[in-house]
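> Following this message is one structure expressed as structure tokens.
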Amino acid sequence: MRFKFSILALLLEVIIIVLFGIFVEYDTSDVSQTLYPFFQDVHVMIFVGFGFLMTFLKKYGFSSVGINMLIAAFGLQWGTLMQGFWHMERGKIHVDIKSMINADFSTATALISFGAVLGKTSPVQMLILTILEITIFACNEHLVTKTLQATDVGASMTIHVFGAYFGLAVTLVLYRPGLKNKHENEESTYHSDIFAMIGTLFLWLFWPSFNSAIASEPIYQTNAIVNTYYSLAACTVVTFALSSLVDQRGKFSMVLIQNATLAGGVAVGTCADLSIHPFAAVCIGSIAGIISVLGYHFLTPLLASKLNIQDTCGVHNLHGLPGILGGIAGIVVTAVKEEAR
Amino acid sequence: MRFKFSILALLLEVIIIVLFGIFVEYDTSDVSQTLYPFFQDVHVMIFVGFGFLMTFLKKYGFSSVGINMLIAAFGLQWGTLMQGFWHMERGKIHVDIKSMINADFSTATALISFGAVLGKTSPVQMLILTILEITIFACNEHLVTKTLQATDVGASMTIHVFGAYFGLAVTLVLYRPGLKNKHENEESTYHSDIFAMIGTLFLWLFWPSFNSAIASEPIYQTNAIVNTYYSLAACTVVTFALSSLVDQRGKFSMVLIQNATLAGGVAVGTCADLSIHPFAAVCIGSIAGIISVLGYHFLTPLLASKLNIQDTCGVHNLHGLPGILGGIAGIVVTAVKEEAR
Amino acid sequence: MRFKFSILALLLEVIIIVLFGIFVEYDTSDVSQTLYPFFQDVHVMIFVGFGFLMTFLKKYGFSSVGINMLIAAFGLQWGTLMQGFWHMERGKIHVDIKSMINADFSTATALISFGAVLGKTSPVQMLILTILEITIFACNEHLVTKTLQATDVGASMTIHVFGAYFGLAVTLVLYRPGLKNKHENEESTYHSDIFAMIGTLFLWLFWPSFNSAIASEPIYQTNAIVNTYYSLAACTVVTFALSSLVDQRGKFSMVLIQNATLAGGVAVGTCADLSIHPFAAVCIGSIAGIISVLGYHFLTPLLASKLNIQDTCGVHNLHGLPGILGGIAGIVVTAVKEEAR
């Protein structure tokens, strides 16, 4: 049993090597590096952002940043293949900087789910979960963007909502009554909270790149950058305000500052590339902050006690609820645009 | 009283939302992303650089990185409006990547002042200070760059000197004799010193972007990058040398390495975009290192004991003195250029 | 004796200032900033990546990130001069963003060697070692790339192998039997291991920029980015698999995850810009992971006990062996290409 993980991981890497040998080729049609800075920002978010965000638990610090790296490194290869199978030309998957951005995106779903099940799964389980989730994600993404022709530039629905509820479903399946008493592991220390801020800040700072990286035109890309920038700023001010409000002694809650400040990036994702007006961006960010703080304060304890869903990092409040808000905002914006025509 | 901060922060965000609704629009005249990597570097400096630089105090680690985030997120929205009012076209403020860089710049003044008053102010006081300082900064910047037509690409004077002396004035106002005994809070620990190095390094690394981001032509931008790169390198070698020299046992001082190594970026700011020759850049950097180390070693204790100015993070030595050196260097360079004509 | 370091460092900076005054000028022939994001990524690798990678030793945390900064800041000025002397035009060294990338590269050799001798050298010794190593590196690089016309875009041989074996030679010279008992300093703590992951991740994430920064054409640059991305991902999965395999209890080894995951970037360096096919990249990455893990597990203890070579950070396994693999891969690829013609 000791070798189970090693054998599985090596086997998967051999399969990947074989499939790469058969299917993967360079895409030489566009060799410009204009997307490269966007790719690097997303890359930092996936490995440093998600990795360090989960270091706040004092007992899982190293395993969260380590397993995060394992999932992401495996997932980006698997994602390249799964997404590539939907876009093959003459039987070949073509990789370039844009496909690398999409491969990184696909790992985000597994990493969000990892946040819900942190401390309850073994590395073997995480590898299997990653395979399943990225495979389903690639099919779902193809369905949404190609078949339904829906627009979701920042992937509020396809990544954030999908990853959050996938993770919550898994945590429900993994539920065992004994876990309720393991709460002492779910504590943070002074230094682990500062480590987590590294994750928070790199996610927060590079979120405009996440929401704009795959926008189709420069003007939409600039819109997405500007909207995400202001949405996150508004969300942060609201989060600090509400964090102090819901606390008994008026203190700031570290877990809220680490997480709810990011909800503005999720919520503005679906309509980020549209000309929604910076005013709408700060409104969406503010509402996202309110929803996320209330979710952490009231909903998470309820989910754990009533529904046996133990959401370790609170991904429901950071990705689930703000992602749904993003979907609704997208529908409203599109309806208003149609109206205006 | 417990709700004072929450009410103020929410009220300010509502005011911002209203003003955004009335005044702010996208600038669609230039949608190129050439400035975006520069923006992201500055963005990292503001949130990670300034935030972590102040984590060296063992008791203020989390509050410094957290409040830094609050000030910057609020400040960039306020700065957008204050700077925008001076550049309105047909009654509208136009935002794009360049205006986002300027909004980030405006928050730097408040963050520098925060370094001087760290540990002495409440979040409410910091919000009020940020409003005041960014408003005055926007007026002052307009006066210097538009009315006086002075060149200050790296903002040595308009940001660094302004922020430092504003903060010192506030710390003088906030002075209470009892604070003198609170020195035990002003200590660092082993780990808090390594956290602070994260801030130092990201400021140090991206300073070439700070000094070149708003340069008017590619050639001036490249000059600013090259000059800042070499100025900082020279400053660092000199700082290590003098740090060992002024220490009783010849040891390196962590506070000097964390702070004085950055003085070269401040000092070369005003004339960074000019063809001052790389030789001048290494000279300015070396002198900045000398001034900053001597300031930390001799001047800061004097200010505290004689003038009751307790400069928590030593912003006078990192931003004040090197900024003045930058202003002088700018005058000398311009005078020499005039002479040569 | 106390002033030895200060005097040497100041003297060196004065020499640099004089040489800059005589020789260094701006290169105004190409002022585009297309290489600037690549430069910034490399810059972060040198100062944050190498600096934090070595913080895992609990007693050398601050000195490793501090001395790393000193060596790099001094080295980039010295490297500018040493590399510049080989490419002078009309008696002048011309600096621009590309030469800054090369100056940063030259410091990497000294920083790799620093990893081998960490804890055994004084700052004075490190300055002298840096001068020697960068001078020899500049000559060797000129020989390899200009005289032998060899291609080594990611510098597997010229930087990684050279730096590793230079460091191992120095550590052999510095060997004293008493050092064997100082092993208690060579331990990590929980927090120091998380700090080291900051270094690992920034090296891992920006390695595609390292291997592509000086590629001659956009198409080769894109190749190098894609190949390095997949090589590192494959190497990481293999490292986790083998790390668990060689451990008695099947646990992941932190030192392996911090170091061997990076071997894929070194090994793919020499042939990264060629159209080796993504399949070859994942193969090279996987083999690099195997070699590096086996090196850490079997070879390092052997080197220490039999040959008196105490490789503090295991640079032989991270830079030496994977670099040699990179050289062999380069020869094989070139031979196959010749064959195919």
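> Output the number of residues of region B:24-60 satisfying the condition of being in contact with a strand residue (DSSP E or B) (Cβ under 6 Å, 6 or more places away or on another chain) and open to solvent by 50 Å² or more (accessible area, probe 1.4 Å).
1
> Which one of these is open to solvent by less than 20 Å² (accessible area, probe 1.4 Å) and more than 7 Å from chain C (Cβ to nearest Cβ): B:Ala234, B:Ala213, B:Ala280?
Numbers: B:Ala234 fails: more than 7 Å from chain C (Cβ to nearest Cβ); B:Ala280 fails: open to solvent by less than 20 Å² (accessible area, probe 1.4 Å).
The conditions single out B:Ala213.
> Still on this structure, I have one more. Could we say that B:Cys313 is part of a helix (DSSP H, G or I), in contact (Cβ under 8 Å) with a residue 12 or more places away in the chain and of a type in the set (A, V, I, L, M, F, W, C) here?
Working: part of a helix (DSSP H, G or I): no; in contact (Cβ under 8 Å) with a residue 12 or more places away in the chain: yes; of a type in the set (A, V, I, L, M, F, W, C): yes.
Answer is no for this residue.
> Is it fair to say C:Thr80 is of a type in the set (Ser, Thr, Tyr) and either buried (at least 24 other Cβ atoms within 10 Å of the Cβ) or at pLDDT 95 or above (or both)?
Numbers: of a type in the set (Ser, Thr, Tyr): yes; either buried (at least 24 other Cβ atoms within 10 Å of the Cβ) or at pLDDT 95 or above (or both): yes.
Yes.
> I'm checking my understanding of the structure. Among residues of region A:290-339 that are closer than 20 Å to A:Arg176 by Cβ and open to solvent by 80 Å² or more (accessible area, probe 1.4 Å), which one is farthest from the chain's Cα centre (by Cα)?
That would be A:Lys306.
> While we're on this one: Which condition from (1) closer than 30 Å to A:Leu81 by Cα; (2) modelled with pLDDT under 95 is the one that C:Phe240 breaks?
The failed condition is (2).
> Sticking with this one: What's the total number of residues in region A:35-45 that are assigned to a helix (DSSP H, G or I) and either more than 9 Å from chain C (Cβ to nearest Cβ) or without any contact (Cβ under 8 Å) to a residue 24 or more places away in the chain (or both)?
The first filter runs over region A:35-45 and keeps only residues assigned to a helix (DSSP H, G or I), leaving A:36-45.
When the remaining residues are screened for being either more than 9 Å from chain C (Cβ to nearest Cβ) or without any contact (Cβ under 8 Å) to a residue 24 or more places away in the chain (or both), the result is A:38, A:40-42, A:45.
Qualifying residue count, region A:35-45: 5.
> Does region A:69-94 hold any residues that are aliphatic (A, V, I, L, M) and within 22 Å of A:Ala9 (Cβ to Cβ), and which are they? Full working, then the answer.
Applying the first criterion (aliphatic (A, V, I, L, M)) to region A:69-94 yields A:69-73, A:76, A:81-82, A:88, A:93.
The answer is A:Met69, A:Leu70, A:Ile71, A:Ala72, A:Ala73, A:Leu76, A:Leu81, A:Met82.
> Let me ask something else. Just to verify a result, which residue in region C:83-98, among those that are in a helix (DSSP H, G or I) and open to solvent by 30 Å² or more (accessible area, probe 1.4 Å), is farthest from the other protein chains (Cβ to nearest Cβ)? Break it down stepwise before answering.
Looking only at region C:83-98, we keep the residues that are in a helix (DSSP H, G or I), and these are C:83-85, C:97-98.
Checking the rest, the ones that are also open to solvent by 30 Å² or more (accessible area, probe 1.4 Å) come to C:85, C:98.
Details: C:Phe85: 15, C:Lys98: 11 Å.
Here the answer is C:Phe85.
> Restricting the search to region A:204-230, which residues are of a type in the set (Gly, Ala, Ser) and within 20 Å of the chain's Cα centre (by Cα)?
Looking only at region A:204-230, we keep the residues that are of a type in the set (Gly, Ala, Ser), and these are A:209, A:212-213, A:215-216, A:224.
Selection gives A:Ser209, A:Ser212, A:Ala213, A:Ala215, A:Ala224.
> Assess whether A:Phe20 counts as being buried (at least 18 other Cβ atoms within 10 Å of the Cβ), facing another protein chain (nearest Cβ under 7 Å) and part of a helix (DSSP H, G or I). Write out each step before concluding.
Details: buried (at least 18 other Cβ atoms within 10 Å of the Cβ): yes; facing another protein chain (nearest Cβ under 7 Å): yes; part of a helix (DSSP H, G or I): yes.
In short, yes.
> Of the numbered conditions (1) at pLDDT 95 or above; (2) closer than 27 Å to C:His142 by Cα, C:Thr28 satisfies every one except a single condition; which is it?
(1)
> Could you identify the single residue in B:Thr228, B:Thr239 that is of a type outside the set (A, V, I, L, M) and either closer than 17 Å to B:Asp152 by Cβ or at the interface with another protein chain (Cβ under 7 Å from one of its Cβ atoms) (or both)?
On the way: B:Thr239 fails: either closer than 17 Å to B:Asp152 by Cβ or at the interface with another protein chain (Cβ under 7 Å from one of its Cβ atoms) (or both).
The unique qualifying residue is B:Thr228.
> Okay, next question. With (1) within 19 Å of the chain's Cα centre (by Cα); (2) within 9 Å of chain C (Cβ to nearest Cβ); (3) in contact (Cβ under 8 Å) with a residue 24 or more places away in the chain; (4) over 20 Å from A:Ser156 (Cα atoms) as the list, and A:Met54 as the residue in question, which single condition is left unmet?
Condition (2) is where A:Met54 drops out.
> I would also like to ask the following. Going through C:Ala9, C:Ala72 one at a time, which residue ends up being open to solvent by less than 10 Å² (accessible area, probe 1.4 Å), closer than 17 Å to C:Ile128 by Cβ and under 23 Å from the mean Cα position of the chain (by Cα)? Show your work before the answer.
Numbers: C:Ala9 fails: under 23 Å from the mean Cα position of the chain (by Cα).
Matching residue, one of C:Ala9, C:Ala72: C:Ala72.
> For region B:139-150, which residues satisfy the criterion of being surrounded by fewer than 22 Cβ atoms within 10 Å (Cβ to Cβ) and in contact with a helix residue (DSSP H, G or I) (Cβ under 7 Å, 6 or more places away or on another chain)?
The answer is B:Asn140, B:Val144, B:Ala150.
> Which of (1) more than 10 Å from chain C (Cβ to nearest Cβ); (2) assigned to a helix (DSSP H, G or I); (3) open to solvent by 10 Å² or more (accessible area, probe 1.4 Å) does A:Ala110 not meet, given it meets every other one?
That leaves (3) as the condition not met.
> Would you point out the residue of region C:257-277, among those that are within 9 Å of chain A (Cβ to nearest Cβ) and open to solvent by 10 Å² or more (accessible area, probe 1.4 Å), that is modelled with the highest pLDDT?
So, considering only residues that are within 9 Å of chain A (Cβ to nearest Cβ) and open to solvent by 10 Å² or more (accessible area, probe 1.4 Å), the one modelled with the highest pLDDT is C:His277.
> If you take the residues of region C:57-69 that are without any contact (Cβ under 8 Å) to a residue 60 or more places away in the chain and aliphatic (A, V, I, L, M), which of them is nearest to C:Gly119 (Cα to Cα)? Step through it out loud before you land on a result.
The initial filter retains those residues of region C:57-69 that are without any contact (Cβ under 8 Å) to a residue 60 or more places away in the chain, namely C:62-69.
Those left that are additionally aliphatic (A, V, I, L, M): C:65, C:67, C:69.
On the way: C:Val65: 13, C:Ile67: 11, C:Met69: 16 Å.
Applying the filter and picking the extreme gives C:Ile67.
> Among the residues in region B:118-131, are any open to solvent by less than 40 Å² (accessible area, probe 1.4 Å), among the small types (Gly, Ala, Ser), more than 20 Å from B:Ile15 (Cα to Cα) and more than 10 Å from chain A (Cβ to nearest Cβ)?
Taking every residue of region B:118-131 in turn, at least one turns out to be open to solvent by less than 40 Å² (accessible area, probe 1.4 Å), among the small types (Gly, Ala, Ser), more than 20 Å from B:Ile15 (Cα to Cα) and more than 10 Å from chain A (Cβ to nearest Cβ).
> Taking B:Ser63, is it more than 26 Å from A:Leu205 (Cβ to Cβ), at pLDDT below 95 and within 14 Å of another protein chain (Cβ to nearest Cβ)? It would help to see each step written out before you state the result.
Details: more than 26 Å from A:Leu205 (Cβ to Cβ): no; at pLDDT below 95: yes; within 14 Å of another protein chain (Cβ to nearest Cβ): yes.
Considered against the rule, which asks whether it is more than 26 Å from A:Leu205 (Cβ to Cβ), at pLDDT below 95 and within 14 Å of another protein chain (Cβ to nearest Cβ), B:Ser63 comes out as no.
The values are calculated or read from the model by the stated rules, or taken from the named source; none is laboratory data. Bear in mind the structure is a predicted one, so any value in this text is a computation, not a measurement. Cβ coordinates were reconstructed from backbone atoms using ideal geometry, including for glycine residues, and neighbour counts include every protein chain displayed. Ligands, DNA and RNA are excluded from the accessible area calculation, which covers all protein heavy atoms including side chains. Shrake-Rupley method; radii C 1.70, N 1.55, O 1.52, S 1.80 Å.
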